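A.B. asks: Following this message is one structure expressed as C-alpha cells.
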Amino acid sequence: AQSVTQLGSHVSVSEGALVLLRCNYSSSVPPYLFWYVQYPNQGLQLLLKYTSAATLVKGINGFEAEFKKSETSFHLTKPSAHMSDAAEYFCAVIPGGGGSNYKLTFGKGTLLTVNP
Amino acid sequence: GAVVSQHPSRVICKSGTSVKIECRSLDFQATTMFWYRQFPKQSLMLMATSNEGSKATYEQGVEKDKFLINHASLTLSTLTVTSAHPEDSSFYICSARDAQVGAGELFFGEGSRLTVL
C-alpha cells in the first residue's frame, strides 16, 4: 500500500528564514507526489506536483520540492518564509503511473507557523 | 486553473436530519470526483470515489447508506449525510479531476463544515 509520512507535525520558522517541510513515501514504483496547502476553514490548494518528469519541481509562491528516489523523499522548501506562508501543508501520493486511479493518500500534515 | 465549488460552506443541523452538500466543477467536466472527511487538526480521509453515471465506490469503513453520493452529471456530485448525528460533525471536502489537464491533477473545493447539534 502506498503511504506518505510527514516528519514533524509542527514547524516554526522566523520570517525570512528557510522553510523545510519533510515528506517520505513508501512505494515499489515511483508514484506521483504532491504538496498542498490549506488555510483555516478552506479547501486545499496545489503547490506543486511530481509526475516523473524533472526531479526538481518548482511551484507557486516560491516553493519547490526535489524528488529523491534513493531517499524516497519529496521535501518541500522555500528560501525565505513570509508571514502569509503560515498554514497547514499536506504531502500526498498517487500510486505509480496514475492510470485511471487518482485516489490521493495524504500525510498527516505539517502546521507551519512564521514568527515575525 | 480549474475551479471546484462546494455549497454550502457551513451548515448546522439538528440530530436526525439529513444534509446535502454539493460539489460542482465550474469550468470543466469531471467524470470522477472524490469526497474526503477531515477532523480537526487531522489529515484528509478519503470516503468515496464518485463516478458520473454509476455507483460510488466507498472506502473501507465508510457506511454507504449513511453517506449517499450521487454523480448525476459531469459537473455535479452530491454528498448526503442521512440521519446526521453529532459524530458526523466534520469538514467535508470534494475534489475533481480534470481529464484535460496534465497527469494527476486534482482540484479541491473550499470545503463544507457540518455541525450536528
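The values are calculated or read from the model by the stated rules, or taken from the named source; none is laboratory data. Keep in mind that this is a model prediction, so the values were computed, not measured. Every residue, glycine among them, receives a Cβ derived from its backbone with ideal geometry; neighbour counts consider all protein chains shown.
A.B. asks: Can you tell me which of A:Leu21, A:Leu47 is more than 12 Å from A:Ala92 (Cα to Cα), buried (at least 19 other Cβ atoms within 10 Å of the Cβ) and not small (Gly, Ala, Ser)?
C.D. replies: Going through A:Leu21, A:Leu47 in turn, just one is more than 12 Å from A:Ala92 (Cα to Cα), buried (at least 19 other Cβ atoms within 10 Å of the Cβ) and not small (Gly, Ala, Ser): A:Leu21.
A.B. asks: Exactly one condition in (1) touching an Asp or Glu at 6+ places or on another chain (Cβ under 9 Å); (2) farther than 23 Å from B:Ser95 by Cβ; (3) part of a loop (DSSP other than H, G, I, E, B); (4) polar (S, T, N, Q) is false for A:Ser28; which is it?
C.D. replies: Only one criterion in (1) touching an Asp or Glu at 6+ places or on another chain (Cβ under 9 Å); (2) farther than 23 Å from B:Ser95 by Cβ; (3) part of a loop (DSSP other than H, G, I, E, B); (4) polar (S, T, N, Q) is unmet by A:Ser28, namely (1).
A.B. asks: Name every residue in segment B:1-17 that is part of a strand (DSSP E or B), surrounded by 16 or more Cβ atoms within 10 Å (Cβ to Cβ) and out of contact with any Cys (no Cβ under 8 Å at 6 or more places or on another chain), in order of residue number.
C.D. replies: Scanning segment B:1-17 gives B:Val11, B:Cys13.
A.B. asks: Hey, does segment B:51-62 have a residue that's more than 10 Å from every other protein chain (Cβ to nearest Cβ), over 11 Å from the mean Cα position of the chain (by Cα), modelled with pLDDT under 90 and buried (at least 22 other Cβ atoms within 10 Å of the Cβ)?
C.D. replies: No, there is no match, as no residue in segment B:51-62 is more than 10 Å from every other protein chain (Cβ to nearest Cβ), over 11 Å from the mean Cα position of the chain (by Cα), modelled with pLDDT under 90 and buried (at least 22 other Cβ atoms within 10 Å of the Cβ).
A.B. asks: Right, here's the next one. Please go through segment B:67-117 and pick out each residue that is surrounded by 15 or more Cβ atoms within 10 Å (Cβ to Cβ) and charged (D, E, K, R).
C.D. replies: B:Asp88, B:Arg97, B:Asp98, B:Glu105, B:Glu110, B:Arg113
A.B. asks: Just need a number here: residues in segment B:76-104 that are free of Cβ contacts under 8 Å to residues at least 40 places away in the same chain and of a type in the set (D, E, K, R).
C.D. replies: Summing the residues that are free of Cβ contacts under 8 Å to residues at least 40 places away in the same chain and of a type in the set (D, E, K, R) in segment B:76-104 gives 2.
A.B. asks: What are the pairs, 6+ residues apart or on separate chains, where a residue within segment A:14-29 that is on the phi > 0 side of the Ramachandran plot has its Cβ under 7 Å from a residue that is at pLDDT 95 or above?
C.D. replies: So the pair list comes out as A:Gly16/A:Ser80; A:Gly16/A:Ala81.
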